[in-house]
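Chemist: One structure coming up, written as C-alpha cells, with questions to follow.
Values in this text are rule-based calculations from the coordinates and carry no lab data. Bear in mind that the values here come from a model prediction, so they are computed numbers and not experimental data. A quick note on method: Cβ atoms are made from the backbone with ideal geometry, for glycine too, and the neighbour counts reach across all protein chains shown.
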Amino acid sequence: MFDEPAESPADRLLDPASRARERAEESRIHAQLAAVFEGPRKLDAQLRPLDATLAREIQRTMGRLEKSRTPDSPILPPAVSADAAALLDMPHARDLARNDYYVYRRPGEAMIVRWLEADEVEVFYERLQAHFDAAIEGIRDDERAALGWKQDPAAAAYLKALDAIQVTMADWYLRDAIRKHGIYVLSTQAADEINITYLADYVMGVAVEDIVGSASAPPVEPAEGDLAWFFKLFALRGVKDGIEQMCFFAYLQKTDEQW
C-alpha cells in the first residue's frame with residue numbers, strides 16, 4: 001500500500017541523532033543562503049557594479065583572513081583584526097551603500113559583496129532564524145509523512161530527535177561573543193555546484209544575467225551543466241564603537257571546463 005521512502009546508504013549507517021543533526025545542518029545552510037541573498041526580493045536592495053580593483057582587494061583580504069584561522073574555530077586571531085575591521089568599515093571609507101549587493105563579473109566568474117550595519121544586522125538575524133525554523137519544520141513534516149506510519153524503533157527515534165532540535169542561529173554565528181568580547185569572526189560555506197538560476201531567480205529575485213552577465217548566463221533551455229557554478233560564501237562579523245557590522249562576500253565560478 002505504501003512505497004518505502006528513499007534512503008541513501010549514508011542514512012542507513014547514521015544513528016538517529018546523527019541523522020537529525022545532519023538534517024539540521026541542511027536547514028542551517030539553506031537559512032544562511034536565503035538570509036544573505038534575499039535582499040532584492042524582500043528588502044528593496046539593489047544590485048550595483050563593483051570596481052574590479054576593489055573586488056580583487058576584497059577577495060585577497062578574505063583569503064588572508066580565512067588562512068589566519070585555526071581549523072577548529074571561526075574566530076580570527078588578533079593579528080588580523082585591523083584587516084577585518086577595515087573590510088567591515090569599507091562602506092564608510094569608500095562611500096559604499098550598505099544592504100545593497102555589489103557585483104563584479106567577467107566570463108565564467110562573479111563576485112558579490114554586501115555590507116550590513118546596526119539595524120540591518122538585527123533584521124538579518126531575525127530573517128536567518130525565521131528561515132531556519134521554516135526549513136527544519138518542513139523537514140519534520142516530510143519525515144513524519146514518510147516514516148511516521150512505520151512500526152520501526154529507529155524511525156521513531158529519528159523523528160523524536162528531529163522534534164528535539166532547537167537551534168538559535170545567533171548562537172551559531174557567535175553573536176553574543178562578538179558583542180561582549182569585541183572579537184572578529186569569519187565563517188565560510190562552499191558548494192562544488194550551486195544552481196545559478198536557483199540563486200538568482202528563487203533566492204534573490206533577479207535575472208541571472210544581472211549576476212553573471214549575458215555571456216555566462218545559461219541558455220533558454222539549459223542542460224544541467226549550464227546551471228552549475230562553484231560557490232563559496234564568506235561571512236565576516238565584528239563590532240565598531242558598539243555597532244555590529246557584517247560583510248558577506250560570495251565567489252562564483254562556472255564549473256564548465258571551458259572556463
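Chemist: Answer with one residue from Ile139, Ile165, Ala250: the one whose Cα lies farthest towards the positive end of the charge dipole of region 9-254, charges on Cβ with Lys, Arg +1 and Asp, Glu -1.
Modeler: So the residue furthest toward the plus end is Ala250.
Chemist: How do Thr53, Thr188 rank when sorted from fewest to most other Cβ atoms within 10 Å of their own Cβ? Before the final figure, lay out each step's value.
Modeler: Details: Thr53 9, Thr188 15.
Taking fewest neighbouring Cβ atoms as first place, the list is Thr53, Thr188.
Chemist: Evaluate the charge dipole of region 132-259 about its Cα centre and quote only its size in Debye, nearest 20, assuming +1 on the Cβ of each Lys and Arg and -1 on the Cβ of each Asp and Glu. Don't skip to the answer; put the middle values down first.
Modeler: Numbers: 11 positive and 21 negative charges, 164 e Å.
It comes to approximately 780 debye.
Chemist: In whole percent, what relative contact order does region 9-254 give with Cα contacts below 8 Å and a gap of six or more residues?
Modeler: Numbers: 358 pairs, mean separation 71.5, N = 246.
It rounds to 29 percent for region 9-254.
Chemist: Taking θ as phi - 60°, what are the ³J(HN,Hα) couplings along region 142-150 by the Karplus curve (6.51, -1.76, 1.60), each to the nearest whole Hz, with x for Gly and Pro?
Modeler: 5, 6, 4, 5, 7, 10, x, 7, 6
Chemist: About the Cα centre, and with charges only on the beta carbon of Lys, Arg (+1) and Asp, Glu (-1), how big is the dipole of the chain? Nearest 20 debye, please. Present the calculation step by step, with values, prior to reporting the outcome.
Modeler: Details: 30 positive and 45 negative charges, 195 e Å.
With Lys and Arg at +1 and Asp and Glu at -1, about 940 debye.
Chemist: Among Ser27, Ser73, which comes first, then next, by fewest other beta-carbon atoms within 10 Å?
Modeler: Details: Ser27 22, Ser73 11.
Ranked by crowding around the Cβ, least crowded first: Ser73, Ser27.
Chemist: Hey, got the dipole for region 35-174? About the Cα centre, +1 on K and R Cβ, -1 on D and E Cβ, debye to the nearest 20? Intermediate results must be reported in sequence, preceding the final value.
Modeler: Working: 18 positive and 24 negative charges, 120 e Å.
Around 580 debye, computed over region 35-174.
Chemist: Could I ask something else about it? Give the relative contact order (percent, whole number) for region 1-147; include only Cα pairs under 8 Å separated by 6+ residues.
Modeler: Numbers: 103 pairs, mean separation 48.4, N = 147.
Normalised by residue count, the contact order of region 1-147 is 33 percent.
Chemist: Here's something else I'd like to know. Using a Gaussian network model on the chain with a 10 Å cutoff between Cα atoms, which of Ile165, Ile196, Ile178 fluctuates the most?
Modeler: Greatest mean-square fluctuation among the candidates belongs to Ile165.
Chemist: I would also like to ask the following. Order of Val123, Val239 from fewest to most other C-beta atoms within 10 Å? Walk me through the numbers on the way to the answer.
Modeler: Working: Val123 16, Val239 19.
Ascending number of Cβ neighbours within 10 Å: Val123, Val239.
Chemist: Moving on. When we measure straight from the Cα of Lys232, which lysines land under 25 angstrom away, once same-chain ones fewer than 8 places off are left out?
Modeler: Here the lysines satisfying the reach criterion relative to Lys232 are Lys42, Lys67, Lys254.
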